[in-house]
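Asks: Here's a structure for you.
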Amino acid sequence: MKAAVITFPGSNCDRDLAVAFEAAGFDVARVWHKDTDLPQGIDVVGIPGGFSFGDYLRCGAIAANSPICRSVVAHAEAGGFVLGICNGFQVLCETGLLPGVLMRNAGLKFVCRNVGLTVASAESAFTSGYAQGDELVIPVAHHDGNYNVDPEGLAALEAEGRVAFRYTDNPNGSMSDIAGVLSENRRVLGMMPHPERAVDAKHGGTDGRAMFAGLAEALVSA
């Protein structure tokens, strides 16, 4: 199994994400934003958290137009897996791979703490290591995590079971308590909480570990 982790200027969770993939058995390639192509044989692309390009314009907007993102979009459109966390979720929305937009937190303050999540759908490779209704504790660290989508988009997400996670105590004002969403083919996941920061007990919790282990198992058995 092969994963690629993209690094943009301002990324600060790329190493954490690479370590989480490696702990689940992935061979990880590190990819720079100016690269034009992903390495051969990549199964999943990880777009990490951070503040790509200083969050100028809109969070993720400049990163979404980086050369490597053309290959990320092509990888997704060909049926490849893509995981975007925090700033990575913002990037995926800006590329159009996921619907909606991440706006300024409702409280207009940076939020950095553990939050409760409920697994809203276990019907994806990313969430297959959980059961629907499982409650998790995962860290968040963002200023622009308020997920919004138009009424038609929200209705589609709900009807198709594409809300992956919901907050149990909404920290940012996201509509319908949405913490993570899936693409139509369920192979692209964007989420604001950081599962890669919850894979080692020494860091305070392991509730994120099943995401990477479940993805690895799904790829092996595919």
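The values are calculated or read from the model by the stated rules, or taken from the named source; none is laboratory data. These numbers come from a predicted model, not from an experiment. Here Cβ is always computed from backbone atoms with ideal geometry, including for glycine, and neighbour counts include all displayed protein chains. Please note that ligands, DNA and RNA were not included when accessible areas were found on the heavy atoms of the full protein model with its side chains. Shrake-Rupley method; radii C 1.70, N 1.55, O 1.52, S 1.80 Å.
Asks: For the condition aliphatic (A, V, I, L, M) and either under 27 Å from Thr7 (Cα atoms) or under 13 Å from the mean Cα position of the chain (by Cα) (or both), what is the one hit in Ala122, Ala78, Ala106, Ala131?
Replies: None of the other options fit; the residue is Ala78.
Asks: Restricting to the range 13-32, give me the number of residues that are assigned to a loop (DSSP other than H, G, I, E, B) and crowded, with 19+ Cβ neighbours inside 10 Å.
Replies: 3
Asks: From (1) open to solvent by 30 Å² or more (accessible area, probe 1.4 Å); (2) outside any helix (DSSP H, G or I), pick out the condition that doesn't hold for Leu102.
Replies: (1)
Asks: Before we move on, is Asn170 more than 14 Å from the chain's Cα centre (by Cα), in a loop (DSSP other than H, G, I, E, B) and without any contact (Cβ under 8 Å) to a residue 24 or more places away in the chain?
Replies: Criteria met by Asn170.
Here is a yes/no grid of residues against (1) of a type in the set (S, T, N, Q); (2) open to solvent by 10 Å² or more (accessible area, probe 1.4 Å); (3) over 14 Å from the mean Cα position of the chain (by Cα):
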{"residue": "Gly41", "(1), (2), (3)": "no, yes, yes"}
{"residue": "Pro48", "(1), (2), (3)": "no, no, no"}
{"residue": "Arg70", "(1), (2), (3)": "no, yes, yes"}
{"residue": "Leu97", "(1), (2), (3)": "no, yes, no"}
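Condition check ((1) in contact with a Phe, Trp or Tyr (Cβ under 9 Å, 6 or more places away or on another chain); (2) surrounded by fewer than 24 Cβ atoms within 10 Å (Cβ to Cβ); (3) in a loop (DSSP other than H, G, I, E, B)) across all residues:
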| residue | (1), (2), (3) |
| --- | --- |
| Ala61 | yes, yes, yes |
| Ala106 | no, yes, yes |
| Ala122 | yes, yes, yes |
| Thr127 | yes, no, yes |
| Leu136 | yes, yes, no |
| Asp144 | no, yes, yes |
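Asks: Can you report the number of residues in the range 153-167 which are in a helix (DSSP H, G or I), open to solvent by 10 Å² or more (accessible area, probe 1.4 Å) and closer than 27 Å to Gly107 by Cα?
Replies: 4
Asks: Restricting the range 50-59 to residues that are open to solvent by 40 Å² or more (accessible area, probe 1.4 Å) and either touching a Ser or Thr at 6+ places or on another chain (Cβ under 9 Å) or of a type in the set (Val, Ile, Thr) (or both), which is farthest from Asp27 (Cα to Cα)?
Replies: Within the range 50-59, the match that is farthest from Asp27 (Cα to Cα) is Phe53.
Asks: Of all residues in the range 188-222, which are open to solvent by 10 Å² or more (accessible area, probe 1.4 Å) and of a type in the set (Val, Ile, Thr)?
Replies: Val199, Thr206, Val220
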